[in-house]
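Inspection log for the structure reproduced underneath, given as structure tokens.
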């Protein structure tokens, strides 16, 4: 029988939105949390905020951890620091929080025998050491993408962690995950960003640059929100999930083109039918 | 000197979201409100909700009104009931609330000498006799699109009405209004609807129909909100503002194509630059 994940310290690498929120919730459960951060200023502020039991810049802080969460941005997950790799105990369970799973799973399964690729689907618009908050994961999906190589006990530990935080645990193949998040998260960033650019360009072309800004209402605010979000994150999603994002854009272009053709040909009953379908469809995604 | 608009009863034609909200706010100001509705069931419920001082199905209810607001859907504004037209006093100021102004202004200037085309830009997702609420117009733009033919005193009356409700009054040419709302309201409905369709189609193509629904989060909910809204309204906007919507879609397609090309060619710095521009741009629209 395995030692339950909470009987040894849990390690967190990175104390941004996800890492900081994990630390707060785990401390609240009485779990000992040991965190590794990159910068001295982050360590200092994270100690003030009490995001973990111990917070260090030296990877040796992870030595006694039984489960370690790599709460790092996609680019740092895909180009891991050799010192970090060397410091990860071979017996520890390692998981990540990246929003793209295929490249991470491929890389990390070669780097560590007990790696479990996972993705807690929770977030806010904030980032950095100030962003962590309690209860971020409650009721949100936490997706793992195990393969035949994945250690079942390691997978069970990550499931235990996710469920202790109130997440809904699910597993699927990494390729299915990456296509799904391209469709409902990564591609929509570009769709939303293009809307902001079109309003700017179209407003200028119509000599109505001020007017479009004055008249934009809550509908425009909602539709443009993710397009006006963190540019580093949007770029990393597109870069690390490029083929699925291009595939999703291809689906999107076809659908928008079909709606445009209905407007062009004045097929109003068909347009209303399509919009009625969308109205019925949306609750399935909420 | 003209009689201020509030010294005579104000007429409202239609007691849906806009008409009902107008009635509630005007009654709250102590103004007498006389409303014309189409159906007996609407009249009954509107009386229960006290949306106006008098509520009738007979157009003669408007006889003594000095200012009449046509709070009707676009299609009924563009195909006005002959009985309604005959019942509008020639001395009354008439305005509308339609979200497309060129066709309405063209038609109604021929129908009535004191018509003022206007558009209070306020709304919720609700419609019908239950939807009206107090304070809907406070802080929201109320746009009028006067022409050389517009009676300046009539325009001043509508401005007085709008400002009494707390709206921000502005005027612009009807063509500029229609292009602006195409860019920030009508075209985005199609952009958002296509996203729902792409998530559905792409999910099926990837054998991940259930997964896309499980993993969709608040970002997808926001971006898809207006696409999953009232299909009649979305269709009417596209139908009544067709050329401006097609022009806006053309701008949109170019912008999305440019972002897609950056992903295709892996120009990540340029993509991040574009998304940074969007991040800086969005607050100008809020």
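The values are calculated or read from the model by the stated rules, or taken from the named source; none is laboratory data. Computed from a prediction, not measured in an experiment: that's the story for all the values here. A quick note on method: Cβ atoms are made from the backbone with ideal geometry, for glycine too, and the neighbour counts reach across all protein chains shown.
Below, the figures for the structure above:
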| quantity | calculated |
| --- | --- |
| Enumeration of residues in the range A:208-232 that are more than 7 Å from chain B (Cβ to nearest Cβ) and without any contact (Cβ under 8 Å) to a residue 60 or more places away in the chain | A:209, A:210, A:218 |
| From B:194, B:206, B:198, residue being over 23 Å from the mean Cα position of the chain (by Cα) and either at pLDDT below 95 or closer than 15 Å to residue A:224 by Cα (or both) | B:206 |
| Residues of the range B:10-27 satisfying the condition of being touching a strand residue (DSSP E or B) at 6+ places or on another chain (Cβ under 6 Å) and surrounded by fewer than 23 Cβ atoms within 10 Å (Cβ to Cβ) | B:27 |
| Neighbours by Cβ (under 7 Å, 6+ apart or cross-chain): first from the range A:244-257, more than 8 Å from every other protein chain (Cβ to nearest Cβ); second buried (at least 23 other Cβ atoms within 10 Å of the Cβ) and at pLDDT 95 or above | A:244/A:178; A:244/A:179; A:244/A:182 |
| Some residue of the range A:264-283 being at the interface with chain B (Cβ under 7 Å from one of its Cβ atoms) and in contact (Cβ under 8 Å) with a residue 40 or more places away in the chain | no |
| Residue check for residue B:100: in contact with a helix residue (DSSP H, G or I) (Cβ under 9 Å, 6 or more places away or on another chain) and closer than 25 Å to residue B:134 by Cβ | no |
| Whichever residue in the range A:131-143 is in a loop (DSSP other than H, G, I, E, B) and within 13 Å of another protein chain (Cβ to nearest Cβ) and, among such residues, is surrounded by the fewest Cβ atoms within 10 Å (Cβ to Cβ) | A:139 |
| Positions within the range B:118-130 being at pLDDT 95 or above and either surrounded by fewer than 21 Cβ atoms within 10 Å (Cβ to Cβ) or touching a helix residue (DSSP H, G or I) at 6+ places or on another chain (Cβ under 6 Å) (or both), in sequence order | B:118, B:129, B:130 |
| Residue match in the range A:144-155 (condition: buried (at least 22 other Cβ atoms within 10 Å of the Cβ), assigned to a helix (DSSP H, G or I) and free of Cβ contacts under 8 Å to residues at least 24 places away in the same chain) | no |
| Which listed residue is touching a helix residue (DSSP H, G or I) at 6+ places or on another chain (Cβ under 9 Å), under 18 Å from residue B:116 (Cα atoms) and touching a residue at least 40 places away in the same chain (Cβ under 8 Å), from B:69, B:61 | B:69 |
| Residue count for the range A:158-182, restricted to those that are under 10 Å from residue A:142 (Cα atoms) and facing chain B (nearest Cβ under 9 Å) | 2 |
| Residue list for the range A:99-114, filter: closer than 22 Å to residue A:62 by Cβ and buried (at least 24 other Cβ atoms within 10 Å of the Cβ) | A:104, A:105 |
| Residues of the range A:233-243 that turn out to be farther than 19 Å from residue B:222 by Cβ and more than 7 Å from every other protein chain (Cβ to nearest Cβ), as a count | 4 |
| Strands (runs of 3 or more DSSP E) within the range A:1-115 that include 3 or more residues within 30 Å of residue A:239 (Cα to Cα) | A:10-13, A:67-70, A:93-96 |
